[in-house]
Structure formats: structure tokens, C-alpha cells
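Engineer: Got a structure for you, questions after.
The values are calculated or read from the model by the stated rules, or taken from the named source; none is laboratory data. The structure presented is a predicted model; accordingly, all values stated were derived computationally and were not measured. Please note: Cβ atoms are built from the backbone with ideal geometry, for glycine as well, and neighbour counts cover all protein chains shown.
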Amino acid sequence: MNTSLDVLRWLDLLQSSGYRLTTPRRAIVELMAGSQRALGPIEVFDLGRAGHPGLGLVTVYRTLEKLEELGLIERVHLPDGCHRYLRATHGHQHFLLCTTCGLVQTFAGDNLDPLTGRVSADTGFAINEHWLQLYGTCPDCRSHITNPSEP
Ligand SMILES: [Zn+2]
Ligand SMILES: [Zn+2]
């Protein structure tokens, strides 16, 4: 993964979709293209303001919306109903979120055919798309969970 190349590609896409590339918008693109962690709008705002004190929250929301519209970032949903954003995955992948530390990984290879087949038979729907995300505890967080039964 080459982040600086991605930044150029993202800026190019934004510009060719009629989006003016101001310095704060560039800062948001650099943050999102380079982040391995899913970031919420407030986090992007805080991180962005470190280098660009004039950055506004409205700019953050609009730029994130635009990046999502262009398919460059994807929403990661949190159990509390909020969401964060992460650079979009390539191909058919799903997110796996650690609810303890917020780490997001992707996984491929789901077989939902038995489920969609049954739902289709029960409801009469022709099912052609799905959205799936898993929650859990990552290996690192699991190793920090102390087992009370241990001496
Ligand atoms: Zn974790
Ligand atoms: Zn899938």
C-alpha cells in the first residue's frame, strides 16, 4: 500500500468530480488515506486541527460524505449506532471490529447462501446483495483480559 500515491489518486478523483481542493480538504484526505484505524468525524476534526487550526467541523462532515460517495472510504458501524470511516476495501470484503480497542480488520470468504436461500424461500424476496459486519475482541485485547479463575 502506497499512501502518497493514494492521496494523489483521491485528490484527483475529488477534483474531477468538481470538488475544490482547499488545504483543509487535502488534510482530511491525507488523514483518511493514511489511517489504518477507523476514524469518526470528531477524531478527524481533532487530528486535522493539529496541523490546520482553521479546519471546521462542517468541512470534515462534507469531505467525509464526498469521499464515501466516491467509494474511497466506507462506514464502520459501532454497536452504539455511531459510525466511523475507514479507507474502502478492495473486492468483496467485510469488516471485523474489536469493540474493546476499535481495531478494524477485513475478512473475505463468507458463504451466506444457506441463510439467503432460506430467507428468500420464507419471504419471496429475490436477494441480490448483503451487508455484513462482525464484532468481537481482537487477539491483543483477549490476551489482556484477566481470567478471574486463574490463581
Ligand atoms: Zn482490541
Ligand atoms: Zn459478503
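Engineer: Taking L96 as the residue in question, decide whether it is surrounded by 14 or more Cβ atoms within 10 Å (Cβ to Cβ), not assigned by TED's automatic domain parsing to the domain that holds L31 and not small (G, A, S).
Structural biologist: Taking the combined requirement at face value, the residue satisfies it.
Engineer: When only residues in segment 115-131 that are under 24 Å from E74 (Cα atoms) and surrounded by 10 or more Cβ atoms within 10 Å (Cβ to Cβ) count, which is modelled with the lowest pLDDT? Please lay out each step first, then the result.
Structural biologist: First, pick out the residues of segment 115-131 that are under 24 Å from E74 (Cα atoms): 116, 127-131.
Retained after the next criterion (residues that are surrounded by 10 or more Cβ atoms within 10 Å (Cβ to Cβ)): 116, 127, 130.
Values: T116: 92, I127: 91, H130: 88.
Among them, the one singled out is H130.
Engineer: Quick one: how many residues across segment 1-20 are in a loop (DSSP other than H, G, I, E, B) and surrounded by 10 or more Cβ atoms within 10 Å (Cβ to Cβ)?
Structural biologist: Of the residues in segment 1-20, 2 are in a loop (DSSP other than H, G, I, E, B) and surrounded by 10 or more Cβ atoms within 10 Å (Cβ to Cβ).
Yes or no, residue by residue, for (1) among the β-branched types (V, I, T); (2) modelled with pLDDT under 90:
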residue	(1), (2)
Q36	no, yes
G54	no, yes
R62	no, no
V104	yes, no
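Engineer: Residues to consider are I73, I42, I145; find the one that is surrounded by 13 or more Cβ atoms within 10 Å (Cβ to Cβ) and either assigned by TED's automatic domain parsing to the domain that holds R25 or free of Cβ contacts under 8 Å to residues at least 60 places away in the same chain (or both).
Structural biologist: I73
Residue by residue, here is whether (1) within 16 Å of ligand 2 (Cβ to nearest atom); (2) of a type in the set (A, V, I, L, M, F, W, C); (3) under 27 Å from R25 (Cα atoms) holds:
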position: R87; (1), (2), (3): no, no, yes
position: H94; (1), (2), (3): yes, no, no
position: Q133; (1), (2), (3): yes, no, no
position: T137; (1), (2), (3): no, no, no
